[in-house]
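A quick write-up on the structure given underneath.
None of the figures in this text is laboratory data; all of them are computed from the coordinates on show. Owing to the predicted nature of the structure, the values given are computational and were not obtained by experimental measurement. Virtual Cβ from ideal backbone geometry, glycine too; neighbours counted across all protein chains shown.
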Amino acid sequence: MNKLVLKGFLLFGFCAFAQNAVSEKDFKSVEQKVIDWRRDFHQYPELSNREFKTAEKIAKHLKSLGIEVQTGVAKTGVVGVLKGNTPGKVVALRADIDALPVTERNDLSFKSEVVGEFQGEEVGVMHACGHDTHIAILMGVAEILSKNKDKIKGTVKFIFQPAEEGPPPGEEGGAALMIKEGALKNPDVDAIFGLHINSGTPVGTIGYKPGGTMAAVERFVVNVKGKQTHGSQPWGGVDPIYIAAKIIDGYQSIISRESNLLVEPAVITVGKITAGVRFNIIPESAEMIGTVRTLDPDMKALIIRRMTEMTEGLAKTYGGAATIEFQNNTAITYNDEKLTEAMLPTLQKTAGVENVVLIKATTGGEDFSFFQEKVPGFYFFLGGMTPGNTEAFPHHTPDFKIDDSGMLLGVKTLTAMSLDYLNKK
Ligand SMILES: [Zn+2]
Ligand SMILES: [Zn+2]
């Protein structure tokens, strides 16, 4: 290669990169706004399926940027469509927008004093999962990308999703309803990205994992039917409490004896048992509710099949009858392996190679998984703990806290991921 060719190659390489990159000045110009938005959302949180003012603020911002906006998707969801200057693929970015029935205990200038109603009770309302940061980050990304349409080869879809924490009983909501109402269609989404802020990992870091990352969450209800009798004469009836104990024991053997735990972890928890009225009556029935957490589709199928067999079979063995019903709350948050691999250099570029950490799966659930069932998706964790701290309060607790300075990396990363995905050959 002679010198002239080399010079030309370098110049071309530099231009190709520069064309694709948003200037640091653009990011800096949006940082304070992102912090202000986040603090406003934090101070005025709204519960799942009740995110009316939150949605209004989001829609107003997107419209001010000239982004095409659809409101009222899955009740309070907002979808924005930003077309780049050249046609191409469609990438979606998703932020969840709901808060939780938690009373804030932090001493912050923007602390939530909001009171709401949850299942008929008056409750404090708090962004105790950090979704306020997700909204603000995505609003920042929207602002930056709308000013850089010349760099977008394709379309970016902004999905602001309500009710990630689950809709109130009896209502539909969340990612599943957004999909049902067409959030991934028209224009059809090719890939979707999302993030979750994390109170326990330091600002400036990103955690990711290919494949099963967060668990599929099932809720189950077991009804055991026995035959009522005097507590002193168990032979005169069928004891549903004893059967329930046998069933619980059976469930745990599915995990410890039948599940290949080298593939992924799995959990079965019975969280509540209801049966009986007094000490000397063997009751007619028992009810149990609980949850199953799985990270591998085959393991999930096995566990559900074996729980059903054990519930029915064990009850029959002991002379009673039992049924089990499963309700699926989230699918497996499954990071498409190819997409994860393709996006890794982008994460490393924005955070620095040493700050991008391969993590283990978690047994928590996330309804972003429903989008990933439809299109390839990638979901990662963004550090939100003040640098130097070693301990943090967990998500969903009154003392939960996020350091604002962690959000800029989220803005940069989602922006760069969008551009890199759309511009890749
Ligand atoms: Zn949460
Ligand atoms: Zn969350």
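Here are the numbers for this structure:
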item: Environment charge at Ser29 (Cβ cut-off 14 Å; Lys +1, Arg +1, Asp -1, Glu -1); result: 0
item: Alpha-carbon spread of the range 215-330, three principal axes, descending order, Å; result: 47, 24, 18
item: Distance (nanometres) between label positions extended 7 Å along Cα→Cβ at Glu171 and Lys225; result: 3.5 nm
item: Fraction of beta bridges assigned by DSSP in the range 58-170 that are antiparallel (%, nearest 5); result: 65 percent
item: Lysine-lysine proximity count for the range 215-330, Cα under 17 Å, sequence distance 8 or more or distinct chains; result: 7
item: Within a Gaussian network of the chain (alpha carbon springs, distance under 10 Å), most fluctuating of Thr274, Thr323, Thr76; result: Thr274
item: Choice from Gly276, Gly182, Gly365 showing the highest fluctuation, given a GNM over the chain with Cα pairs closer than 10 Å; result: Gly276
item: Where Rh is the Kirkwood radius over Cα pairs, Rg/Rh for the chain; result: 1.06
item: Violating pairs (Cα-Cα greater than 18 angstrom) within the set Lys33/Lys57; Lys157/Lys360; Lys83/Lys157; result: Lys157/Lys360
item: Trypsin sites (Lys or Arg not before Pro) within the range 160-255: DSSP coil, no more than 14 neighbouring Cβ in 10 Å; result: Lys185
item: Extension reserve of the Glu325-Lys185 stretch, reckoned as 0.36 nm per residue once the Cα distance is removed; result: 47.2 nm
item: Inter-site label distance for Asn85 and Ser29 at 7 Å from Cα along Cβ, in nm; result: 1.5 nm
item: Calculated FRET value between Lys63 and Val123, using beta carbons and R₀ = 30 Å, to 0.05; result: 0.40
item: The chain, dipole about Cα centre (Lys/Arg Cβ +1, Asp/Glu Cβ -1), debye to the nearest 20; result: 1400 debye
item: DSSP-defined beta bridges in the chain - what % are antiparallel, rounded to 5; result: 65 percent
item: Added length on full extension, which subtracts the Cα-Cα distance from 0.36 nm per residue, Asp399 to Asp40; result: 127.4 nm
item: Contour minus Cα-Cα distance for Glu373 and Glu113 (0.36 nm per residue); result: 89.8 nm
item: The range 266-351: trypsin sites (Lys or Arg not before Pro) in DSSP coil with no more than 10 other Cβ atoms inside 10 Å; result: Arg278
item: Computed FRET value (nearest 0.05) for Ala301 with Val277, which takes r as the C-beta separation and R₀ as 35 Å; result: 0.35
item: The range 345-359-the range 72-134 distance, computed between alpha-carbon centres (Å); result: 26 Å
item: Within a Gaussian network of the chain (alpha carbon springs, distance under 10 Å), most fluctuating of Met288, Met178, Met214; result: Met288
item: Glu258-Lys338 FRET efficiency (beta carbon distance; Förster radius 41 Å; 0.05 resolution); result: 0.85
